[in-house]
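Report on the structure given below.
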Amino acid sequence: MATRAALGLIGLLAGPALAAPCTPPPPPPAEARPQKPKLPDKPACLDAKGGCPGWEAYSYNDAIKAYNAQAQAFRPLAEAYVQRLNAYVKASAEYAQCEVKALQP
């Protein structure tokens, strides 16, 4: 049978271990990262002295318009992902502080 003093000593030693464990935060999933739209390739004739023939210039202009629409749709997705990353960084700092406190006597 354990004595009262021994039980008290066990309680002191086990004190921090009985505290709520620190839980590391999960990072945002990599598949949640939005894909940045690809800028269309610039036709070589664009830099040439005579410029591009009408159809090629119009095609490039249409590709740029499509890119701009994709970039506009990408922006809120990227901002939301950045918010998740910032929340993860904050939660990671809180987790680190929890671990530091758990190591203190």
I'd like to verify a number: residues in segment 3-36 that are at pLDDT 50 or above, in a loop (DSSP other than H, G, I, E, B) and over 18 Å from the mean Cα position of the chain (by Cα), how many? 5
Long-range neighbours under 8 Å by Cβ, at least six apart or interchain, first residue polar (S, T, N, Q) within segment 25-36, second not in a helix (DSSP H, G or I): none
Applying the selection to segment 60-105, what residues are of a type in the set (Val, Ile, Thr) and touching a residue at least 40 places away in the same chain (Cβ under 8 Å)? none
Please work out which residue is nearest to the chain's Cα centre (by Cα), limiting yourself to segment 63-74 and to residues that are within 12 Å of Leu39 (Cα to Cα) and of a type outside the set (Val, Ile, Thr). Ala71
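The values are calculated or read from the model by the stated rules, or taken from the named source; none is laboratory data. Please read all numbers here as calculations on a predicted model, not as lab measurements. Don't worry about glycine lacking a Cβ; one is built from the backbone with ideal geometry, like all the others, and counts go over all protein chains shown.
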